[in-house]
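Single-structure report; data block below.
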Amino acid sequence: MSTLESIFWHVLGYATMPFIFIVGYIGVAAAALWLLSLGVDKDI
Amino acid sequence: MTFWSRLSRPSKASAGVLLGLGFVGGILFWGAFNTGMEATNTEAFCSSCHAPIVAEIRETIHYSNRSGVRAICSDCHVPHAWTDKLVRKVQASKELVAFALGTINTPEKFRARRGHLAHREWQRMKNNDSQECRNCHNFDFMDFSEQGRRSITQHSTALASGDKTCVDCHKGVAHRLPNMSGVEGWQ
């Protein structure tokens, strides 16, 4: 693997980490809001 | 109401319930994510595309040996450290593209491309000082009194001094070798 290719994959790989956390946050938030909308937040 | 406006408005639920939802949701998400990471580390997963190689490993010491310890694909090809592992997984998106293009989907194509792929793997292991081998084979605990003479000669010199790393000398420890013409030290 060339140095350039290695840099490319490392940048992409490290950029994936915050992406995973953000996707996780949005996913959990969506699920939680949906659950709340069934109960206490029915009329919001 | 839209997702964002809901997210920015207070809920009627108590702080305890909200924090609990986040806590449980976080655990479930992280569990699912790591289950996915593990599932893509199994030999069954690799064999869905690398069947010829899975067949070859059965004839080697890393499949069956007197100690009954097995090395599977990911033991040698996927780093253990979480960050390195993720980088390697992301890099494997290239393998998905290559799979779609069919770069190694026939025995002939695989034979032609094998040398190139093996060189990439040797280079990767040279760069990380054969970290994956060392996860199981630790130089510090090698008992020279138990090794053969040829092994001691090489291990106590080039390996001990750091001049050479495992894959410089040990190639084809789990697969048949590719065409070795032009590889340093092989005729």
Fill in: All helices (runs of 4 or more DSSP H) inside segment B:57-103 with 2 or more residues being away from chain A (no Cβ under 12 Å) and either surrounded by 11 or more Cβ atoms within 10 Å (Cβ to Cβ) or of a type in the set (S, T, N, Q) (or both)
B:73-77, B:93-101
Response to the item:
Flagged in segment A:1-31 as at the interface with chain B (Cβ under 7 Å from one of its Cβ atoms) and of a type in the set (S, T, N, Q), in numbering order, are A:THR16
Discussion item. Being hydrophobic (A, V, I, L, M, F, W, C), under 23 Å from the mean Cα position of the chain (by Cα) and under 22 Å from A:LEU12 (Cα atoms) narrows it down to one residue among B:ALA44, B:ALA51, B:ALA100; which is it?
Written reply: B:ALA100
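Just wondering, is there one or more residues in segment A:32-39 that are not in a helix (DSSP H, G or I) and not aromatic (Phe, Trp, Tyr)?
yes
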Worksheet item: Of everything in segment B:104-154 that's part of a helix (DSSP H, G or I) and of a type in the set (Gly, Ala, Ser), which residue is farthest from the chain's Cα centre (by Cα)?
Response: B:SER145
Response to the item:
Matching residues in segment B:133-161 (over 24 Å from B:ASN179 (Cα atoms) and either in contact with a His (Cβ under 9 Å, 6 or more places away or on another chain) or touching a residue at least 24 places away in the same chain (Cβ under 8 Å) (or both)) number 8
Worksheet, complete the sentence: Taking segment A:32-41 and keeping residues within 9 Å of another protein chain (Cβ to nearest Cβ) and out of contact with any helix residue (DSSP H, G or I) (no Cβ under 6 Å at 6 or more places or on another chain) leaves A:LEU35, A:LEU36, A:SER37, A:GLY39, A:VAL40, A:ASP41
Discussion item. Within 14 Å of another protein chain (Cβ to nearest Cβ) and more than 16 Å from the chain's Cα centre (by Cα): is that true of B:GLY31 in this structure?
Written reply: yes
Fill in: In segment A:22-44, the residues that are exposed (fewer than 14 other Cβ atoms within 10 Å of the Cβ), at pLDDT below 95 and among the hydrophobic types (A, V, I, L, M, F, W, C)
A:TRP34, A:LEU38
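The values are calculated or read from the model by the stated rules, or taken from the named source; none is laboratory data. Since this is a predicted model, take the numbers as computed values, not measurements. Backbone-built Cβ (ideal geometry, glycine too); neighbour counts: all protein chains shown.
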